[in-house]
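See below for the structure under consideration.
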Amino acid sequence: MTERREPRILVIEDNNTNRELMVYLLKAFGHVTIEACDGASGVAAAREQHPDLVLCDVHLPKLDGYGVVRELKNDDGLREVPVVAVTALAMVGDRDRMLASGFDGYISKPIAPETFVSEVQRFLTGDHARDATQPVASDAASESTDRKLESLEFALSHDLRAPLRAIDGFARVLLDDFGAELPKPARDHLRTIRNEARRAAGIIDNLLESPPFTT
Ligand code: MN
(Lines give C-alpha, C1' and ligand atoms only; values in the text may rest on other atoms or scores of the structure.)
Protein backbone atom coordinates (compact mmCIF):
# COMPACT_ATOMS: atom_id res chain seq x y z
CA MET A 1 0.00 0.00 0.00
CA THR A 2 1.31 3.41 -0.95
CA GLU A 3 2.05 5.70 1.96
CA ARG A 4 0.19 9.02 1.87
CA ARG A 5 2.36 12.08 1.82
CA GLU A 6 1.94 15.81 1.36
CA PRO A 7 1.66 16.76 -2.31
CA ARG A 8 4.79 18.50 -3.53
CA ILE A 9 4.48 21.44 -5.88
CA LEU A 10 7.27 22.58 -8.20
CA VAL A 11 7.18 26.36 -8.80
CA ILE A 12 9.14 27.46 -11.90
CA GLU A 13 9.24 31.27 -11.99
CA ASP A 14 12.11 33.68 -12.66
CA ASN A 15 10.50 36.70 -10.97
CA ASN A 16 11.59 36.54 -7.32
CA THR A 17 8.62 38.47 -5.94
CA ASN A 18 6.09 36.26 -7.73
CA ARG A 19 7.89 33.06 -6.81
CA GLU A 20 8.24 34.06 -3.15
CA LEU A 21 4.56 34.99 -2.96
CA MET A 22 3.41 31.68 -4.52
CA VAL A 23 5.72 29.65 -2.29
CA TYR A 24 4.67 31.61 0.77
CA LEU A 25 0.97 31.05 0.13
CA LEU A 26 1.41 27.36 -0.70
CA LYS A 27 3.47 26.73 2.44
CA ALA A 28 0.94 28.64 4.56
CA PHE A 29 -1.65 26.09 3.45
CA GLY A 30 0.58 23.14 4.24
CA HIS A 31 2.01 22.31 0.83
CA VAL A 32 5.58 21.28 0.24
CA THR A 33 7.29 23.35 -2.46
CA ILE A 34 10.26 22.98 -4.78
CA GLU A 35 11.59 26.12 -6.49
CA ALA A 36 13.30 26.73 -9.82
CA CYS A 37 14.25 30.08 -11.40
CA ASP A 38 14.55 29.03 -15.05
CA GLY A 39 13.04 26.47 -17.41
CA ALA A 40 16.06 24.17 -17.69
CA SER A 41 16.57 23.81 -13.94
CA GLY A 42 12.80 23.39 -13.57
CA VAL A 43 12.83 20.38 -15.89
CA ALA A 44 15.87 18.99 -14.04
CA ALA A 45 14.12 19.44 -10.66
CA ALA A 46 10.99 17.69 -11.99
CA ARG A 47 13.04 14.69 -13.18
CA GLU A 48 14.93 14.50 -9.91
CA GLN A 49 12.11 15.06 -7.43
CA HIS A 50 8.97 13.99 -9.28
CA PRO A 51 6.52 16.62 -7.97
CA ASP A 52 2.73 16.10 -7.86
CA LEU A 53 2.06 19.36 -9.68
CA VAL A 54 4.09 21.90 -11.64
CA LEU A 55 3.28 25.63 -11.67
CA CYS A 56 5.15 27.21 -14.55
CA ASP A 57 5.69 30.78 -15.71
CA VAL A 58 5.63 31.15 -19.52
CA HIS A 59 8.40 33.73 -20.03
CA LEU A 60 11.44 32.04 -18.52
CA PRO A 61 15.19 32.17 -19.18
CA LYS A 62 17.02 29.18 -20.73
CA LEU A 63 13.83 27.31 -21.66
CA ASP A 64 10.42 28.99 -21.80
CA GLY A 65 7.21 27.54 -20.38
CA TYR A 66 6.23 25.95 -23.70
CA GLY A 67 9.62 24.21 -23.79
CA VAL A 68 9.19 23.05 -20.20
CA VAL A 69 5.77 21.51 -20.81
CA ARG A 70 7.04 19.83 -24.01
CA GLU A 71 9.91 18.22 -22.10
CA LEU A 72 7.72 17.08 -19.23
CA LYS A 73 4.93 15.68 -21.41
CA ASN A 74 7.51 13.76 -23.50
CA ASP A 75 8.93 12.17 -20.33
CA ASP A 76 7.31 8.78 -19.62
CA GLY A 77 7.79 9.23 -15.87
CA LEU A 78 6.30 12.72 -15.72
CA ARG A 79 3.56 12.76 -18.38
CA GLU A 80 0.78 12.37 -15.80
CA VAL A 81 1.96 15.25 -13.62
CA PRO A 82 -0.33 18.27 -14.19
CA VAL A 83 1.52 21.32 -15.50
CA VAL A 84 -0.29 24.62 -14.91
CA ALA A 85 0.80 27.82 -16.65
CA VAL A 86 0.91 30.88 -14.40
CA THR A 87 0.67 33.75 -16.80
CA ALA A 88 -0.67 37.20 -17.51
CA LEU A 89 -1.83 36.04 -20.95
CA ALA A 90 -5.58 36.11 -20.73
CA MET A 91 -6.89 36.22 -24.30
CA VAL A 92 -9.13 33.39 -25.44
CA GLY A 93 -6.60 32.43 -28.09
CA ASP A 94 -3.79 32.32 -25.52
CA ARG A 95 -5.72 29.83 -23.44
CA ASP A 96 -6.26 27.57 -26.46
CA ARG A 97 -2.62 27.82 -27.39
CA MET A 98 -1.54 26.86 -23.89
CA LEU A 99 -3.86 23.88 -23.70
CA ALA A 100 -2.77 22.79 -27.20
CA SER A 101 0.85 23.01 -26.06
CA GLY A 102 0.27 20.49 -23.30
CA PHE A 103 -0.51 22.65 -20.27
CA ASP A 104 -3.27 21.17 -18.14
CA GLY A 105 -4.62 24.62 -17.32
CA TYR A 106 -3.62 28.09 -16.33
CA ILE A 107 -3.79 30.51 -13.43
CA SER A 108 -3.82 34.25 -14.18
CA LYS A 109 -1.24 36.74 -13.01
CA PRO A 110 -1.10 38.86 -10.96
CA ILE A 111 -1.39 36.24 -8.22
CA ALA A 112 -4.55 36.78 -6.18
CA PRO A 113 -3.72 35.71 -2.61
CA GLU A 114 -7.38 35.01 -1.79
CA THR A 115 -7.95 32.48 -4.58
CA PHE A 116 -4.51 31.22 -5.58
CA VAL A 117 -4.26 28.22 -3.26
CA SER A 118 -7.79 26.98 -3.97
CA GLU A 119 -7.11 27.24 -7.71
CA VAL A 120 -3.94 25.23 -7.27
CA GLN A 121 -5.73 22.63 -5.16
CA ARG A 122 -8.24 21.99 -7.96
CA PHE A 123 -5.42 20.80 -10.18
CA LEU A 124 -4.02 18.65 -7.40
CA THR A 125 -7.25 16.79 -6.78
CA GLY A 126 -7.70 15.98 -10.45
CA ASP A 127 -10.68 18.31 -10.50
CA HIS A 128 -9.11 20.35 -13.25
CA ALA A 129 -11.26 19.21 -16.17
CA ARG A 130 -13.66 21.90 -15.00
CA ASP A 131 -13.73 25.25 -16.80
CA ALA A 132 -10.99 27.32 -15.22
CA THR A 133 -13.20 30.43 -15.12
CA GLN A 134 -15.85 28.88 -12.86
CA PRO A 135 -15.72 29.24 -9.09
CA VAL A 136 -15.47 25.81 -7.55
CA ALA A 137 -15.36 26.10 -3.76
CA SER A 138 -18.19 24.29 -1.99
CA ASP A 139 -19.60 25.92 1.19
CA ALA A 140 -17.71 23.51 3.42
CA ALA A 141 -14.49 24.08 1.52
CA SER A 142 -14.82 27.86 1.64
CA GLU A 143 -15.60 27.78 5.37
CA SER A 144 -12.44 25.85 6.00
CA THR A 145 -10.58 28.27 3.71
CA ASP A 146 -11.96 31.18 5.81
CA ARG A 147 -10.61 29.58 8.97
CA LYS A 148 -7.22 29.03 7.37
CA LEU A 149 -7.18 32.65 6.19
CA GLU A 150 -7.96 33.85 9.71
CA SER A 151 -5.09 31.92 11.20
CA LEU A 152 -2.86 33.03 8.33
CA GLU A 153 -3.72 36.67 9.03
CA PHE A 154 -2.91 36.16 12.70
CA ALA A 155 0.40 34.50 11.87
CA LEU A 156 1.29 37.28 9.42
CA SER A 157 0.57 40.16 11.74
CA HIS A 158 1.70 38.68 15.07
CA ASP A 159 4.18 35.90 14.44
CA LEU A 160 5.98 37.40 11.45
CA ARG A 161 5.57 41.17 11.33
CA ALA A 162 6.49 41.84 14.97
CA PRO A 163 9.79 39.90 14.97
CA LEU A 164 10.75 41.43 11.61
CA ARG A 165 10.28 44.91 13.09
CA ALA A 166 12.42 43.83 16.06
CA ILE A 167 15.17 42.54 13.75
CA ASP A 168 15.15 45.82 11.83
CA GLY A 169 15.03 47.84 15.05
CA PHE A 170 17.91 46.05 16.79
CA ALA A 171 20.05 46.21 13.66
CA ARG A 172 19.37 49.97 13.52
CA VAL A 173 20.33 50.36 17.20
CA LEU A 174 23.59 48.47 16.57
CA LEU A 175 24.38 50.74 13.63
CA ASP A 176 23.49 53.94 15.51
CA ASP A 177 25.21 53.13 18.80
CA PHE A 178 28.16 51.00 17.71
CA GLY A 179 28.49 51.67 13.98
CA ALA A 180 31.55 53.89 14.44
CA GLU A 181 33.41 51.09 16.26
CA LEU A 182 32.56 48.37 13.73
CA PRO A 183 34.60 47.48 10.66
CA LYS A 184 32.92 48.41 7.37
CA PRO A 185 31.95 44.80 6.41
CA ALA A 186 30.08 44.46 9.71
CA ARG A 187 28.21 47.70 9.06
CA ASP A 188 27.37 46.46 5.55
CA HIS A 189 26.01 43.20 6.98
CA LEU A 190 23.84 45.13 9.42
CA ARG A 191 22.48 47.23 6.56
CA THR A 192 21.72 44.04 4.63
CA ILE A 193 19.87 42.67 7.66
CA ARG A 194 17.82 45.87 7.86
CA ASN A 195 17.04 45.87 4.14
CA GLU A 196 15.98 42.22 4.10
CA ALA A 197 13.84 42.57 7.23
CA ARG A 198 12.10 45.62 5.75
CA ARG A 199 11.62 43.88 2.41
CA ALA A 200 9.97 40.90 4.12
CA ALA A 201 7.83 43.24 6.26
CA GLY A 202 6.80 45.02 3.06
CA ILE A 203 5.63 41.75 1.50
CA ILE A 204 3.56 41.05 4.62
CA ASP A 205 2.11 44.58 4.64
CA ASN A 206 1.11 44.21 0.99
CA LEU A 207 -0.54 40.86 1.70
CA LEU A 208 -2.48 42.21 4.65
CA GLU A 209 -3.60 45.24 2.62
CA SER A 210 -5.04 43.11 -0.16
CA PRO A 211 -8.21 40.98 -0.20
CA PRO A 212 -9.36 38.88 1.59
CA PHE A 213 -7.72 40.46 4.62
CA THR A 214 -9.31 43.82 3.86
CA THR A 215 -12.83 42.52 3.24
MN1 MN B 1 9.01 35.28 -16.23
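Structure values in brief
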{"read-out": "Among residues of the range 53-89, those that are of a type in the set (A, V, I, L, M, F, W, C), within 17 Å of V120 (Cα to Cα) and part of a loop (DSSP other than H, G, I, E, B), counted", "value": "3"}
{"read-out": "Verdict on G93 being more than 16 Å from the ligand (Cβ to nearest atom), modelled with pLDDT under 90, of a type in the set (G, A, S) and on the phi < 0 side of the Ramachandran plot", "value": "yes"}
{"read-out": "Breaking point among (1) modelled with pLDDT of 90 or more; (2) under 25 Å from P212 (Cβ atoms), for V83", "value": "(2)"}
{"read-out": "Residue count, the range 1-52 (criterion: within 16 Å of the ligand (Cβ to nearest atom), outside any loop (DSSP other than H, G, I, E, B) and acidic (D, E))", "value": "2"}
{"read-out": "Residues of the range 16-48 classified as farther than 19 Å from S118 by Cβ and either in contact with a Pro (Cβ under 9 Å, 6 or more places away or on another chain) or modelled with pLDDT of 95 or more (or both), total", "value": "15"}
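The values are calculated or read from the model by the stated rules, or taken from the named source; none is laboratory data. All figures in this text were calculated on a predicted structure; none of them were measured in a lab. Virtual Cβ from ideal backbone geometry, glycine too; neighbours counted across all protein chains shown.
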